[in-house]
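Step one of this worksheet: look at the structure below.
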Amino acid sequence: MASIELKKVSVEFPVFSWHGRSIKHEIVSHAVGGIIGSKQIIAQTVSALKHIDLEVKEGDRIGIVGHNGAGKTTLLRTISGIYHPTSGGIRVEGHIHSLIDIMLGVDHEATGRENIYLRGLIMGLSKKKIQSYEKEIIDFSELDSFIDLPIRTYSTGMVMRLAFAIATVVSADIIIMDEWLSVGDAEFRHKAQTRLYQLITASKILIVATHDEGLVKKLCNRRVKLEHGKIVSDEKLNLSSLDMTQESV
């Protein structure tokens, strides 16, 4: 059974700065021979998440909403294991597949084929497993004649197609997304959206952060709203099944 449980989870980030590094301070410091120019490090913290309690069960499709800076992406990264809670605890049952940054690990000096292996290793796949997916990734990305050229020779669209093909080739119990992925031209977007729906449908839990309330209504059965790092509402939505039509997103 896939599940996620957060209990009183808080995440804080330290912000370091040199004390008194203003232009005015520097001018005065030099004028008096530097005797007041001590380089004292000041550390402050920014609270990104504050005492988050969240229970996610198999079958949940959760839309995380809130204004910029509300803590949506931090919450996704904490659940994914990228960030560790400053306090509180988190328990995850099931394999997580994060689609937060599909460009993570892409080396522009390496070839497309080499990047399949680099990105696959970052995703936790074995070399043997990556080999089994290699042809499917190349075919889906439509980069046959370019796959052994350095990524730096690709257009932006070609890079995104390859990154998407790699990121969505494996299924998982839990899918984590930061906004809906849309890549390539109209024809490729149609194909990419179909694959993304298939990935979501096969998963046991979906958590997607978005500003699009329409997307939440079409994909999710729960809507969790964040404000200033806190959950301010958690409501159930009516979702009998995913709308698989191409016009739905």
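All of the numbers you see were taken from the coordinates with simple rules; none came from a lab. A quick note: this is a predicted structure, and the numbers were derived from the prediction, not measured. Cβ coordinates were reconstructed from backbone atoms using ideal geometry, including for glycine residues, and neighbour counts include every protein chain displayed.
I'd like the GluC sites (Glu not before Pro) in the stretch 44-114 restricted to DSSP loop residues with at most 13 other Cβ atoms within 10 Å, sorted by number.
Of the GluC sites (Glu not before Pro), the ones in loops of the stretch 44-114 whose Cβ has at most 13 other Cβ atoms within 10 Å are Glu109.
I'd like the orientation of helix 186-202 relative to the chain: the angle between its Cα long axis and the longest Cα principal axis, in ° from 0 to 90, rounded to 10.
It is inclined by approximately 90 degrees.
In degrees, nearest 10, range 0 to 90: what is the angle between the Cα axis of helix 127-141 and the longest Cα principal axis of the chain?
80
Most mobile of Val15, Val232, Val169 per a Gaussian network model of the chain (Cα springs, under 10 Å)?
Judging by the Gaussian network model, the answer is Val15.
Give the residue list of GluC sites (Glu not before Pro) in the stretch 118-226 that are DSSP loop and have at most 13 other beta-carbon atoms within 10 angstrom.
Hits after loop and neighbour filter: nothing returned.
Can you give the angle from 0 to 90° between the axis of helix 112-122 and the longest principal axis of the chain, with both taken from C-alpha atoms, to the nearest 10?
70
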